[in-house]
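Structure first, then comments.
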Amino acid sequence: MSQNRDNNDRDYHRPVLEHEVAGLLAPVLPGVVVDATFGGGGHTRRLLDEFGESVKVVAIDRDPAALANASELGVPAVQGNFADLRNLVVSVTDEPVSGVLFDFGVSSHQLDQPDRGFSYRHDGPLDMRMGPDAAYTAAEVVNEWPEDRLADAIRRFGEEPLARRLAHAIVEGRPYQSTSQLSTVVAAAVPAARRRAGHPARRTFQAIRIAVNGELDAITTGLDSAIELVRPQGRVLAISYHSLEDRIVKRRFTQGATGCTCPPELPVCGCENSAELRILTRKPIRASAAEVEVNNRARSASLRAAEKVAA
Ligand SMILES: C[S@@+](CC[C@H](N)C(=O)[O-])C[C@H]1O[C@@H](n2cnc3c(N)ncnc32)[C@H](O)[C@@H]1O
């Protein structure tokens, strides 16, 4: 690999926990690994560099711009929402799948493109769609949703205690064309005494992005699909960046690893439930201080992994 390409990929998005991801996938190789959130291809590149021909990667991303990087790495790529994982994968391979990797959220590249409208740091149109399958644009959410629905989204998806107040201010300030207009109105509605670390519009922007892209529903469905798709002893890995994502992964893995649910005093099992997963990470894996030093995004990353038990 040329140094130039390496630098380009890292400019697009620097992958987090790549060493740990490779370590958790090594035992399932040789085989097919689905990179369900290809982004800049950082994790894929690491797997190809480390495992060579032992790994066949299938790249998926909602964002057509992200998949432009896949042809450079010579891996089959399919554009779509990982909520539809099984169909996307079987459209490019009929081989058994040994591993699936999810690295949730947006890439640095998406955040840094003002015309995508993801960030309060740049002025751009209120778009925030990760791909063409998103249900609506941020402009539709901000300009058209009733105040109650907006407040509910900001509270649920932004975990913002001031959700009602901010939704009211947003509705009062309509109409909006740009991210700067929105972030100015939100920031002005946060009283100085209630300001916390970070930009006052951070949670609101996160909430609107999650609503626009139906991110949490996609994670729930995508995890189910990945667990169904992997072969026995195949592995599912998920990297989360906030508690809403991590909670879904933790619950799904715990539910999958739960066998018999009969009360302990029952002499014979009557529920006939058996575990479909073995959890490989009792506690989520976090980035080392050294990694956080060179990649601030790694600070909030949490990696969980589970293995499908043999049928
Ligand atoms: C954090 S980045 C992944 C970065 C990648 N692991 C790397 O090393 O370059 C997340 C990527 O997942 C994509 N994505 C997010 N949700 C998705 C979904 N439901 N279906 C498919 N792709 C999704 C985004 O478009 C983005 O490119």
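The values are calculated or read from the model by the stated rules, or taken from the named source; none is laboratory data. The model shown is predicted, which means the values in this text are computed figures rather than measured ones. Heads up, the Cβs are rebuilt from the backbone with ideal geometry, glycines too, and the neighbour counts pull from every protein chain shown. Areas reflect the complete protein model, heavy atoms only, side chains present, ligands, DNA and RNA absent. Shrake-Rupley method; radii C 1.70, N 1.55, O 1.52, S 1.80 Å.
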Most fluctuating of Gly234, Gly39, Gly256 in the GNM of the chain (C-alpha, under 10 Å) is Gly256
Determine the principal axes of the Cα atoms in the range 135-213, then give the extent along each, sorted from largest to smallest and rounded to whole angstroms.
35, 22, 20
Dipole of the chain (Lys/Arg Cβ +1, Asp/Glu Cβ -1, origin at the Cα centre): which of Pro264, Gly99, Ala193 lies farthest to the positive side?
Ala193
Can you give the helix-only mean residue ellipticity at 222 nm for the chain, where every DSSP H stretch with n ≥ 4 adds -39500 (n - 2.57) and the sum goes over all residues, rounded to the nearest 500 deg cm²/dmol?
-13000 deg cm²/dmol
Please give the charge dipole size of the chain, origin at the Cα centre, charges +1 on K and R Cβ atoms and -1 on D and E Cβ atoms. Round to the nearest 20 debye.
1120 debye
Using only Cα atoms, tell me the angle between helix 3-12 and the longest principal axis of the chain; keep it within 0 to 90° and round to the nearest 10.
60 degrees
Ellipsoid equivalent to the chain - semi-axes via the Cα gyration tensor, in Å
34, 25, 18
Mind putting a number on the dipole of the range 87-222 about its Cα centre? Charges go on the C-beta only, +1 for Lys and Arg and -1 for Asp and Glu, and I need it in Debye to the nearest 20.
860 debye
Please work out the Cα center distance from the range 244-303 to the range 29-49, rounded to the nearest Å.
22 Å
So with the 1.4 Å probe, I'd like the accessible area per residue for the range 135-213, rounded to whole Å².
48 Å²
May I ask you to compute the full-extension gain from Arg156 to Glu144, defined as 0.36 nm times their residue separation minus their alpha-carbon distance, rounded to one decimal in nm?
2.5 nm
Under 8 Å for C-alpha pairs, at least 6 residues apart: give me the relative contact order for the range 171-311, rounded to a whole percent.
24 percent
With every protein chain in place, the range 110-170: carbon and sulfur % of accessible area (1.4 Å):
46 percent
Return the loop-located GluC sites (Glu not before Pro) in the range 199-268 (DSSP other than H, G, I, E, B) with at most 10 other Cβ atoms within 10 Å of their own Cβ; answer none if there are none.
Glu265
Positive-pole candidate from Gly23, Ala298, Tyr136, dipole of the chain, charges at beta carbon
Ala298
Kirkwood-based Rg over Rh for the range 11-73 (C-alpha set), two decimals?
0.94
If I build a Gaussian network model for the chain, linking alpha-carbon pairs within less than 10 angstrom, which residue out of Ala289, Ala187, Ala211 has the largest mean-square fluctuation?
Ala289
Quick one: helix 163-172 against the long Cα principal axis of the chain, what's the angle to the nearest 10°, folded into 0 to 90?
50 degrees
Distant-in-sequence amide H partners of Ala287 (H built 1.01 Å from N, under 5 Å):
Ala301
Simple spin-label estimate for Asp94/Thr184, 7 Å along Cα→Cβ, in nm, reads 5.9 nm
With label points set 7 Å from each Cα along the Cα-to-Cβ direction at Asp133 and Ala192, the distance between them in nm comes to 4.8 nm
